[in-house]
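Working notes, structure below.
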Amino acid sequence: MTHRLYYTEPYRHTFDATVVAADVVDGRLHVTLDQTAFYPTSGGQPFDTGTLAGAAVSEVIDRDDGTVVHVVSGALKAGEVVSGQVDWARRFDHMQQHTGQHVLSAAVDRVCRGRTQSFHLSAERAPMDPPRELTVAEITASEEAANDVVWADRAVAIKFVD
């Protein structure tokens, strides 16, 4: 199982780790580390990019067994200690979009009495599927409620629930 630094240290974008496994899968090097700051694709949020030991990380995969796999363009070997560098501009953009989506979804839930069905983050936009078709008045009221939270500059907390 990979220790996931991004859960407890979301602003961390450099780290050192030991390569646990390095396997070629479908012609691509899959690297598993003992710990990582790279966020894998999960919950509508895209994976982080960056480098491991100077090699480009082109994808990060969350496996069912609790490991995080880094698809890397270099030659890494099990047992070596490597330095990781997360593309901070991309990560921070995704963090802001993800938090904003939670704020907007909570506002829609409060105003319209319905939960967001899904959302997706991308470089240009973050579309969400509301619980039903919303009226212009509901959209406006939801937007105002979300903006009230943003302008209140509330602290963001990470919680782990069962």
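Given contacts defined as C-alpha pairs under 8 Å and at least six residues apart, what's the relative contact order of the chain, whole-number percent? It would help to have the intermediate numbers written out before the result.
On the way: 293 pairs, mean separation 31.5, N = 162.
This gives 19 percent for the chain.
Taking the Cβ of Val81 as the centre, find all other residues whose Cβ is under 10 Å away and add up their charges (Lys, Arg: +1; Asp, Glu: -1). Let's see the in-between values first.
Numbers: positive: none; negative: Asp16, Asp34, Glu80.
After counting each charged neighbour, the total is -3.
Average projected area of the Cα convex hull of segment 81-157, in nm²? Walk me through the intermediate numbers first.
Details: hull surface 27.5 nm².
It is 6.9 nm².
Just add up the charged neighbours of Met1: K/R +1, D/E -1, any other residue whose Cβ is under 14 Å from the Cβ of Met1. Intermediate values should be presented prior to the final figure.
Numbers: positive: Arg4, Arg63; negative: Asp34, Asp62, Asp64, Asp65.
In short, -2.
Once you list every other residue whose beta carbon is under 13 Å from the beta carbon of Pro46, what net charge do they have if Lys and Arg are +1 and Asp and Glu are -1? Please list the in-between numbers first.
Details: positive: Arg90, Arg91, Arg125; negative: Asp48, Glu59, Asp62, Asp87, Asp93, Glu124.
Value of the local net charge: -3.
How much area per residue is accessible in segment 6-162 when the probe is 1.4 Å and only protein heavy atoms are counted (Å²)?
Each residue of segment 6-162 exposes 60 Å² on average to a 1.4 Å probe.
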> Do you know the relative contact order of segment 51-100, to the nearest whole percent, from alpha carbon pairs under 8 angstrom that are 6+ apart?
Replying inline: 37 percent
>> What are the ³J(HN,Hα) couplings of segment 103-108, residue after residue, when phi is run through the Karplus curve with 6.51, -1.76, 1.60 and θ = phi - 60°? Round to Hz, x for glycine and proline.
In response: 5, 5, 4, 5, 5, 4
>> From the protein chains alone at 1.4 Å, what is the descending order of accessible area for Val156, Val111, largest first?
In response: Val156, Val111
> Each residue of segment 117-128 in turn: what ³J(HN,Hα) in whole Hz from Karplus with 6.51, -1.76, 1.60 and θ = phi - 60°, glycine and Pro shown as x?
Replying inline: 7, 6, 8, 8, 9, 8, 5, 9, 7, 9, x, 10
>> For segment 1-86, what does the relative contact order come out to in percent, with C-alpha contacts under 8 Å and a separation of six or more?
In response: 36 percent
> How far is helix 136-151 tilted off the main Cα axis of the chain, in degrees rounded to 10, range 0 to 90?
Replying inline: 60 degrees
>> Modelling each spin label as a point 7 Å along the Cα-to-Cβ direction, I'd like the Asn147/Arg113 distance in nm, to one decimal.
In response: 2.6 nm
>> Once neighbouring chains are kept in place and the probe is 1.4 Å, which whole percent of the accessible area of segment 51-162 is contributed by carbon and sulfur?
In response: 52 percent
> Dimensions of segment 19-114 along principal axes (Cα, Å, largest first)?
Replying inline: 53, 27, 22
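The values are calculated or read from the model by the stated rules, or taken from the named source; none is laboratory data. For clarity, every value in this text was computed on a predicted model and none was experimentally measured. Glycine also receives a Cβ, built like all others from the backbone with ideal geometry; neighbour counts cover every protein chain displayed. Please note that ligands, DNA and RNA were not included when accessible areas were found on the heavy atoms of the full protein model with its side chains. Shrake-Rupley method; radii C 1.70, N 1.55, O 1.52, S 1.80 Å.
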